[in-house]
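Novice: Got a structure for you, questions after.
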Amino acid sequence: MSLAPTLGASFAAADYVVFAFMLVVSAAIGVYYAWTDRNLESSGNFLTGGRQLPALPVSLSLTASFMSAITVLSNPAEVYRYGASIIFYSASYFVTMVVTSEVFLPVFYRLSITSTYEYLELRFNKATRLLATLLFIAQTILYTGIVIYTPALALNQGMMGLQKVLKSALKLTKCLLLVTGIDLWSAVISTGVVCTFYCTMGGLKAVVWTDVFQVGVMLAGFLSVIIRCVRLQGGVGRIISDSQYGGRLDLWDFDPNPLKRHTFWTVTFGGTFVWVSIYGVNQAQVQRYISCKNITHAKLSLFMNLVGLWCILLSSIFAGMCLYSVYKDCDPWTSGAVSALDQLMPYLAMDILGDYPGLPGLFVAAAYSGSLSTVSSSINALAAVTVEDLIKPHMRVSEKQLSRVSKFLSILYGASCIGMAGLASLMGGILQATISIFGVIGGPLLGIFSLGILCPFANSKGALSGLLSGLMVSLWVGIGAQIYPPTLNLSRPLSLTTKGCNASTGSINWTTTVLPTDISHTQIQLNHETNLLGDWYSLSYLYFSPIGTITTILVGMLISLVTGGWKHKAESRLTLIKKDTTLYCLFKAFENRLMRKTTWDEKQEKGKELGSTNPAFCDIELDYKRCNKPT
């Protein structure tokens, strides 16, 4: 069965109720924690939850923080357009959790720091800390702008009745909502306002517990679309068959060519660097697991979070397969029913769930929930680094004043992120834009932390030089990729067709299989196809992070050795030591158990020699009389 898009679908009253319920619950959690913690007015309680959070909610918060509307909307669109090779992210997630729990977490937890970047001053100097902090703030505001824009796009598509999206001459998307009268930027602003409200009211505790609620909404939204698609298409087997026939399941590409957009190596190797930069050193994630009551809970939260990541990744991939199965003969993007690939999932939700009031609202709430969880995490993290890195070192203020400053900063950063959402409409594919931002800025940041923790001889000169070098190289590659985009044979989009569309779609004479591209875009590609510089810029966007990380580490090590680092060794508390690793702890526990058993056996033998009536309690250090004392 193949569905044709149907004009005229729109939100029913039940959809608004479901969507409003999600917003009200999220805001209510913020109010609840603002009330319960009203007598604990300190920056520590606001920013780290008093370091008393259990593993389960923290793990769900970790999952929600970077599984945003980008996952709900862009992952399925990625599968629809390029295939399901992003399933290999599951391997990079596993490696990420192992590296984070064994390398970064022990050091950060031992130091009991609020801001990750405080480590850089302890290990190197103030200049390195300040530069890293400013880079993090820039990265997070850019990323959060995309995250705010994405669900607004979904909300817009859901409420607009599937009408064609209009673009201005400046390519800033502005959609007119015929049903509600609300335009795109009203939806953008409302997203930012709700996030800012509960983040400012309840601090980290509110952020964590709203994440728990919102991750459930995300999964429910995915499942509503998936279950309905399975019923419409006649079973899971039909969806898998359609995806296989359409090339969406051709996964096993082991070509080592780094210029290809997605292969096994780019997704696993490049993706690992991206996700380690997020979980290992990004303030938004580190701030969560160091808020756990002990290091065991912190490590446990990471691996419990891994299960959540896998579930959401697989759900989003299967949703993309459903998307292709339904529209394999009538592509809404090519036919002009939607203006961007990232609008396909809300389009599908309105198309197949329109007869079930409340379910379209549930899907849009899922996209919104992903955004709320990520934006609130980012706002809380931005407030934390600003207080710890830019205010505390230079001003003497009380804990009560810092708490109020933190809340003011939450409002300020919320407004900034809303403003940055305007840039998101210029960035093209949302998934690629997001990963590119984390690669260009997150890569060098991962490099500087790795240098400090893994290289005891690294000094401040090497660290600062390495960070600047890594940043320049990754910016060079990242900006160049925007100017000289890769050719189609490297990005390899899969074919789409409109041969099954009919007059009811509003399209005319769409009968061919096409690969939609912008004409000027294609001309640029052809001009640079044989250019070596153009090929360098065609490097897969997933390799931006490894380039920045490796450059930072290598330059940092070299400069450190040249400037006398070989004579220097950092404090053991600031570097990774063998006692930090789980394997070492398990070995010592096993060794201690063996020693206790050996000591026990020795006591029994000694007791027997002394004639004790109860040799099990006879200590070999005690005298003969005590050993022979009747029981």
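The values are calculated or read from the model by the stated rules, or taken from the named source; none is laboratory data. Since the model is a prediction, treat every value here as computed from it, not as a measurement. Reconstructed Cβ throughout: ideal geometry from the backbone, glycine too, with neighbour counts over all protein chains shown. Accessible surface is based on the protein model in full, side chains and every heavy atom, while ligands, DNA and RNA are left aside. Shrake-Rupley method; radii C 1.70, N 1.55, O 1.52, S 1.80 Å.
Novice: In region 372-390, is there at least one residue being under 20 Å from V17 (Cα atoms), open to solvent by 10 Å² or more (accessible area, probe 1.4 Å) and in contact (Cβ under 8 Å) with a residue 12 or more places away in the chain?
Specialist: Among the residues of region 372-390, not one is under 20 Å from V17 (Cα atoms), open to solvent by 10 Å² or more (accessible area, probe 1.4 Å) and in contact (Cβ under 8 Å) with a residue 12 or more places away in the chain, which makes the answer no.
Novice: Filter region 324-337 down to the residues that are under 17 Å from G237 (Cβ atoms) and either under 24 Å from the mean Cα position of the chain (by Cα) or assigned to a helix (DSSP H, G or I) (or both) and list them by number.
Specialist: If the condition is that a residue be under 17 Å from G237 (Cβ atoms) and either under 24 Å from the mean Cα position of the chain (by Cα) or assigned to a helix (DSSP H, G or I) (or both), then Y324, S325, V326 are the ones that fit.
Novice: For G462, state whether it is more than 23 Å from E78 (Cβ to Cβ), at pLDDT below 95 and not charged (D, E, K, R).
Specialist: So G462 passes the test.
Novice: Scan (1) out of contact with any Phe, Trp or Tyr (no Cβ under 9 Å at 6 or more places or on another chain); (2) under 17 Å from V79 (Cα atoms) for the single condition V215 breaks and write down its number.
Specialist: For V215, the failing item is (2).
Novice: Assess whether D250 counts as being acidic (D, E), out of contact with any Pro (no Cβ under 9 Å at 6 or more places or on another chain) and open to solvent by 50 Å² or more (accessible area, probe 1.4 Å).
Specialist: Criteria met by D250.
Novice: Need the failing condition index for K400 against (1) in contact with an Asp or Glu (Cβ under 6 Å, 6 or more places away or on another chain); (2) open to solvent by less than 10 Å² (accessible area, probe 1.4 Å); (3) not aliphatic (A, V, I, L, M), just the number.
Specialist: That leaves (2) as the condition not met.
Novice: Can you find even one residue in region 536-558 that is open to solvent by 40 Å² or more (accessible area, probe 1.4 Å), modelled with pLDDT of 70 or more and not aliphatic (A, V, I, L, M)?
Specialist: Looking through region 536-558, none of the residues is open to solvent by 40 Å² or more (accessible area, probe 1.4 Å), modelled with pLDDT of 70 or more and not aliphatic (A, V, I, L, M).
Novice: Out of K299, K293, K260, report the one residue that is within 30 Å of T487 (Cα to Cα) and either crowded, with 24+ Cβ neighbours inside 10 Å or under 25 Å from the mean Cα position of the chain (by Cα) (or both).
Specialist: K260
Novice: Another question about this same structure. Report yes if F104 is crowded, with 23+ Cβ neighbours inside 10 Å, modelled with pLDDT under 75 and either on the phi < 0 side of the Ramachandran plot or not polar (S, T, N, Q) (or both), otherwise no.
Specialist: No.
Novice: Out of all the residues in region 433-454, which are modelled with pLDDT of 90 or more and either assigned to a loop (DSSP other than H, G, I, E, B) or open to solvent by 10 Å² or more (accessible area, probe 1.4 Å) (or both)?
Specialist: S450, L454
Novice: Taking only region 87-123 into account, find how many residues are part of a helix (DSSP H, G or I) and of a type in the set (S, T, N, Q).
Specialist: 5
Novice: On to the next question. Of (1) over 18 Å from A91 (Cβ atoms); (2) open to solvent by 10 Å² or more (accessible area, probe 1.4 Å), C322 satisfies all except one. Which?
Specialist: Single failed check for C322: (2).
Novice: Among the residues of region 349-367, is there at least one that is farther than 30 Å from L134 by Cα, acidic (D, E) and assigned to a helix (DSSP H, G or I)?
Specialist: yes
Novice: Restricting to region 338-370, name every residue that is farther than 22 Å from R238 by Cβ and open to solvent by 20 Å² or more (accessible area, probe 1.4 Å).
Specialist: S339, A340, L341, P357, L362
Novice: Further, regarding this structure: Out of (1) open to solvent by 10 Å² or more (accessible area, probe 1.4 Å); (2) of a type in the set (A, V, I, L, M); (3) over 18 Å from A319 (Cα atoms); (4) in contact with a helix residue (DSSP H, G or I) (Cβ under 6 Å, 6 or more places away or on another chain), the odd one out for M97 is which?
Specialist: Only one criterion in (1) open to solvent by 10 Å² or more (accessible area, probe 1.4 Å); (2) of a type in the set (A, V, I, L, M); (3) over 18 Å from A319 (Cα atoms); (4) in contact with a helix residue (DSSP H, G or I) (Cβ under 6 Å, 6 or more places away or on another chain) is unmet by M97, namely (1).
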